[in-house]
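One structure below.
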Amino acid sequence: MVYYAGVDLGATNVRAAVADEEGATIGVSRNGTPRGPTGIDVTEGVLRTLREACGEAGIAPTRIAATGIGSIGPFDLAEGAVIDPANLPDSIDRIPLTGPIANLVDSDEVYLHNDTAAGVIGERFHADRNPDDMVYITISSGIGAGVCCDGQILAGWDGNAGEVGHCVVDPRGRLTCGCGHDGHWEAYCSGNAIPDYVRLLADDDPTIDTGLALESPDFTAKDVFELAGEDDLADYAIEQLAHWNAVGVTNVIQSFAPIVVSFGGAVALHNEELVVDPIRERVSEMLLNNVPEIRVTDQGDDVVLEGAIASALTGGTGDRGQLQG
Ligand SMILES: [Zn+2]
């Protein structure tokens, strides 16, 4: 019997799972992502989590034939490491992943993907039709896409293909993105950005009634969606978010011609009717290309971990035709 492993390294949690050759999960583990002080501490946290998952599965790590990793970036792909991750302390400059994991499991079959690429691998593997042309879009604290085009998972230079949250959607550039540039999709529609965007809309038109606590430091995107249908400013904001999301998603569909677009990330998962349904309605009016199926992932918060396992099972592709074992 051979076994496969998946690792999901996020800024908050690191998770690992061990699967049998059918892809059935037989051991899992989750820990908080170490906050440093160095990247090596994060590496050790990943290795510990993977060892724990092996322990729960009742196997030695060296029984793992292949490992997939879905991780926060950015990467040095040649070194198999995360470099200067944005949402971890500054003292963490380099998190080696593929080398240490290959040592632990005694196999060089270790596939490193950014988390959205892992998302599309998982969606492709579990999809009814296993399509060769598919996009996974996360709308969460940030926005990004994983793209499978002609059966290839796009990586690009240093794995940065699919950083679509940093596409300009508003040429007036009224909001500045966390990356420092103006008018990016993520600067309007990510969970982190929505409060500032709602404040901007309120400044534009102070006559719109609202009960939202705009000036409170505790004001979050969740407050806006909770007042849908009850608050004029919340409703107006949700409509404007739908517009920018539709612009961003249309650009992605025109660029890659997917058959299926699958959404994940907390903002999309928790607000399907208010976020994804309006995108579906608007995109069909904006596209020249064929209108793809637009859906929400069935895998919820597990989509990256499931993608990492699917990567291990399929040589990094999510193509069930490539199943090993
Ligand atoms: Zn940006």
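The values are calculated or read from the model by the stated rules, or taken from the named source; none is laboratory data. In this text, all values refer to a predicted model and were calculated from it rather than measured experimentally. Neighbour counts are summed over all protein chains in view; Cβ atoms, including those assigned to glycine, are modelled from backbone coordinates with ideal geometry. Accessible surface is based on the protein model in full, side chains and every heavy atom, while ligands, DNA and RNA are left aside. Shrake-Rupley method; radii C 1.70, N 1.55, O 1.52, S 1.80 Å.
To keep it simple, each residue is scored yes or no on (1) in contact (Cβ under 8 Å) with a residue 60 or more places away in the chain; (2) out of contact with any Phe, Trp or Tyr (no Cβ under 9 Å at 6 or more places or on another chain).
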{"site": "S255", "(1), (2)": "no, yes"}
{"site": "P258", "(1), (2)": "yes, yes"}
{"site": "E272", "(1), (2)": "no, no"}
{"site": "N290", "(1), (2)": "no, yes"}
{"site": "A308", "(1), (2)": "yes, no"}
{"site": "L313", "(1), (2)": "yes, no"}
{"site": "T317", "(1), (2)": "yes, no"}
query = What about D106, is it surrounded by fewer than 17 Cβ atoms within 10 Å (Cβ to Cβ), without any contact (Cβ under 8 Å) to a residue 24 or more places away in the chain and more than 17 Å from the chain's Cα centre (by Cα)?
reply = no
key: Residues (in a strand (DSSP E or B) and of a type in the set (A, V, I, L, M)) located in segment 57-67   = I64, A65, A66
request  = Kindly provide the set of residues from segment 179-193 that are polar (S, T, N, Q) and either open to solvent by 30 Å² or more (accessible area, probe 1.4 Å) or within 6 Å of the ligand (Cβ to nearest atom) (or both), ordered by number.
outcome  = N192
message = Which numbered condition in (1) under 20 Å from L313 (Cα atoms); (2) part of a helix (DSSP H, G or I) is the only one that G70 fails?
response = (2)
query = Is it the case that segment 94-103 has a residue that's over 19 Å from R48 (Cβ atoms) and open to solvent by 40 Å² or more (accessible area, probe 1.4 Å)?
reply = no
ask   = Considering only residues of segment 276-306 that are over 23 Å from I121 (Cα atoms) and part of a helix (DSSP H, G or I), which is most open to solvent (accessible area, probe 1.4 Å)?
value = E285
query = Would you pick out the residues in segment 178-193 that are part of a helix (DSSP H, G or I) and in contact with a strand residue (DSSP E or B) (Cβ under 9 Å, 6 or more places away or on another chain)?
reply = W185, E186, A187, C189
inquiry  = Can you find, within segment 74-93, the residue that is least open to solvent (accessible area, probe 1.4 Å) among those that are charged (D, E, K, R) and in contact (Cβ under 8 Å) with a residue 40 or more places away in the chain?
reply    = D76
request  = Say whether the condition of being within 12 Å of the ligand (Cβ to nearest atom), touching a residue at least 12 places away in the same chain (Cβ under 8 Å), in a helix (DSSP H, G or I) and out of contact with any Pro (no Cβ under 6 Å at 6 or more places or on another chain) is met by at least one residue in segment 200-208.
outcome  = no
query = Hey, among the residues in segment 221-266 that are among the aliphatic types (A, V, I, L, M) and in a loop (DSSP other than H, G, I, E, B), which one's surrounded by the most Cβ atoms within 10 Å (Cβ to Cβ)?
reply = L227
query = In this structure, is D93 more than 19 Å from the chain's Cα centre (by Cα) and over 22 Å from I26 (Cβ atoms)?
reply = yes
ask   = Is one or more of the residues making up segment 157-178 more than 16 Å from the ligand (Cβ to nearest atom), in the same structural domain as V267 (by TED's automatic domain parsing) and open to solvent by 30 Å² or more (accessible area, probe 1.4 Å)?
value = yes
inquiry  = So, in segment 22-50, how many residues would count as being loosely packed, with under 15 Cβ neighbours inside 10 Å and in contact (Cβ under 8 Å) with a residue 40 or more places away in the chain?
reply    = 2
Restricting segment 129-153 to residues that are in contact with a helix residue (DSSP H, G or I) (Cβ under 7 Å, 6 or more places away or on another chain) and of a type in the set (S, T, N, Q), the residue that is farthest from Y197 (Cα to Cα) = N130
